[in-house]
Amino acid sequence: MTSLPDTDSSAETAYCIGCNLRVNLSQLCPGCGGTVIITPGKGLVDTGEDRPEESQSLVGTDLDRYSIELLLGTGGMGTVYLARHRDLLRRCALKILLPRLARRDQDYVRRFQAEGQAAAALVHPNVVTTHAVGEADEFRFLEMEFVAGGSLQQLLASNLTLSISDATRLALGIAAGLAAAHRHGIVHRDLKPDNVMLTESGQPKIGDFGLAKLIHDQADTRLCGTPHYMAPELFLGHGAHTGSDVYALGVCYFRLINRCFPFTGSTLGDLQHQVTTSQLPAVEHPSDRVPLEVASAVKALLNKSPDARPTDAGAAVSLLETVLGSIRDVGKLLELALEDDAAVESLGDPQDSRWTLRVDQPDGRRQRVFVELSDTESLVSIYSTCCPAESHFDRRALERNGHIAHGSIAVRRIDDTPHFVAINTYPRATVDVEELRRSVHEVARQADRVERELTESDIH
């Protein structure tokens with residue numbers, strides 16, 4: 001297939017993989033925003049008119065070991081409920097394949113089983129965990145982790161403007177989950193904000209592997225996915241691959257910053273033309289200047305040539321970590337971490353990317369703590385001086401090292417003299433406010449303890 005016809009011929013029909021509505025090849029699906037699969041022959045014509053009643057019918061009932069409490073949503077692959085596992089006493093999301101779809105279309109059953117197999121292979125903080133795959137009372141189901149924060153699509157629909165740093169952090173989390181899939185030989189094939197859930201703390205988790213496919217199985221060259229997130233080569237009939245997942249990640253990143261799609265069209269044919277031929281619009285933010293590093297990363301992820309994109313999500317992670325490390329304001333993070341902390345005082349403006357703090361200790365003691373960026377600005381070091389590193393202190397300092405939960409006691413040259421320091425280090429791209437706050441206090445406490453034990457003084 002080299003192009004999509006832009007006609008209304010009744011012979012040219014497709015069935016939406018998202019909601020199974022019958023659509024014309026020239027149209028985007030009116031039911032779910034455009035998720036389509038182009039395939040010859042018959043499909044299941046489903047208007048969805050009876051779906052609400054059928055979906056609600058299981059609420060308040062038991063299925064296998066689950067008590068079904070609430071309808072969370074209905075999609076093309078089935079219905080998702082909030083349920084409680086009666087044996088383990090935990091809440092979960094129970095995805096159930098509608099029996100009438102299983103009876104009338106075996107392809108739905110195969111895709112549902114493929115989703116369970118693909119998702120069950122992935123255990124990663126940025127992937128929705130699948131706990132079990134089963135069948136009971138003619139219902140096929142997946143037991144999944146319940147993610148309470150809603151979807152990324154809901155966040156976008158709320159019109160909340162994210163900072164460029166927050167948008168990049170979200171994109172990095174999505175890329176990390178996608179990289180786990182790619183390492184297991186799985187291509188997602190339908191990455192989009194609807195399929196990214198957010199925890200209550202804002203951590204993204206990829207779900208819905210209903211179109212996922214092993215990389216080595218590329219015999220199926222049907223047009224699969226959601227058109228706005230599909231790479232140019234997919235419109236031209238090539239099979240999905242890790243690079244096409246990277247392109248979908250780029251569309252998500254573009255939307256997080258620009259609040260719109262990079263390409264649009266009134267018909268599927270129009271959209272194909274824009275994606276395959278038009279220049280990428282400028283990367284713009286509603287209120288902030290977009291750093292060059294961010295714009296360059298978006299352009300790399302959305303390059304029309306798969307050979308010019310990051311080869312897989314692992315490479316995209318490296319790219320986004322570099323970007324986030326270059327744009328995150330460590331001083332601002334530190335300010336947020338310590339703004340209500342009466343025990344910490346800032347000692348003047350930062351010098352050479354180094355912030356100096358004074359941290360009050362028990363019994364009126366104090367400890368000076370330094371927060372600084374590495375020479376490459378990719379790492380954040382938090383350290384506090386204990387005392388000169390004299391040889392007769394070595395054994396006791398090493399013994400203290402074994403009792404430190406975070407960081408370590410190390411030797412660092414200060415004013416050309418070796419000193420013992422308590423130190424902790426974090427990647428700039430991922431360090432958060434809570435880590436900074438906790439580490440400042442932990443480093444100060446450990447340094448003060450070593451100083452007291454070794455010198456019985458309060459110098460630093």
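A few notes on this one:
- A convex hull fitted around the alpha carbon atoms of segment 330-455 yields 110 Å³ per residue.
- Extension gain, Thr276-Leu336: 0.36 nm per intervening residue step, less the Cα-Cα distance, totals 17.2 nm.
- Other-chain or far-sequence residues with amide H under 5 Å of Val431's (modelled H): none
- With a Förster radius of 25 Å applied to the C-beta separation of Leu292 and Arg438, the computed FRET efficiency comes to 0.15.
- Other residues lying with their Cβ under 11 Å from the Cβ of Ser151 contribute a combined charge of 0, Lys and Arg counting +1, Asp and Glu -1.
- With the largest listed first and rounded to whole Å, the semi-axes of the equivalent ellipsoid of segment 147-327 from the Cα gyration tensor are 23, 19, 16.
- Under a model in which nothing but the beta-carbon of Lys, Arg (+1) and Asp, Glu (-1) is charged, segment 147-327 shows a dipole of about 60 debye around its Cα centre.
- Under 5 Å from the amide H of Arg140 lie the amide H atoms of Leu97, each residue being 5 or more positions distant or on a separate chain, with H modelled from the backbone and absent for Pro and chain starts.
- Placing a pseudo-label 7 Å from each Cα along the Cα-to-Cβ vector at Asp375 and Thr425 gives an inter-label distance of 1.2 nm.
- In plain terms, the residue of Arg438, Arg328 with the fewest other Cβ atoms within 10 Å comes first and the most crowded comes last, giving Arg438, Arg328.
- Per-pair calculated FRET efficiency, R0 = 45 Å: Leu89 and Asp458 via Cβ, rounded to 0.05: 0.35
- Between segment 354-383 and segment 219-278, the alpha-carbon center distance in angstrom: 46 Å
- For segment 330-455, a simple Cβ point-charge model (Lys and Arg +1, Asp and Glu -1, everything else neutral) yields a dipole of about 400 debye relative to the Cα centre.
- Charged-residue dipole, Cβ positions (Lys, Arg, Asp, Glu), segment 294-383 about Cα centre, Debye nearest 20: 300 debye
- Sequentially through segment 343-359, phi angles give Karplus couplings (6.51, -1.76, 1.60; θ = phi - 60°) of 7, 10, 10, 7, 9, x, 6, x, 10, 6, 6, 10, 9, 10, 10, 10, 10 Hz, Gly and Pro residues having no value and appearing as x.
- Placing unit charges on each Cβ (+1 for Lys and Arg, -1 for Asp and Glu) gives segment 58-195 a dipole about its Cα centre, and among Ala121, Phe146, Ala181 the Cα reaching farthest toward its positive end belongs to Ala181.
- Segment Glu135..Thr264, full-extension length gain: 42.4 nm, with 0.36 nm per residue of separation and the alpha-carbon distance subtracted.
All of the numbers you see were taken from the coordinates with simple rules; none came from a lab. Bear in mind that the values here come from a model prediction, so they are computed numbers and not experimental data. Please note: Cβ atoms are built from the backbone with ideal geometry, for glycine as well, and neighbour counts cover all protein chains shown.
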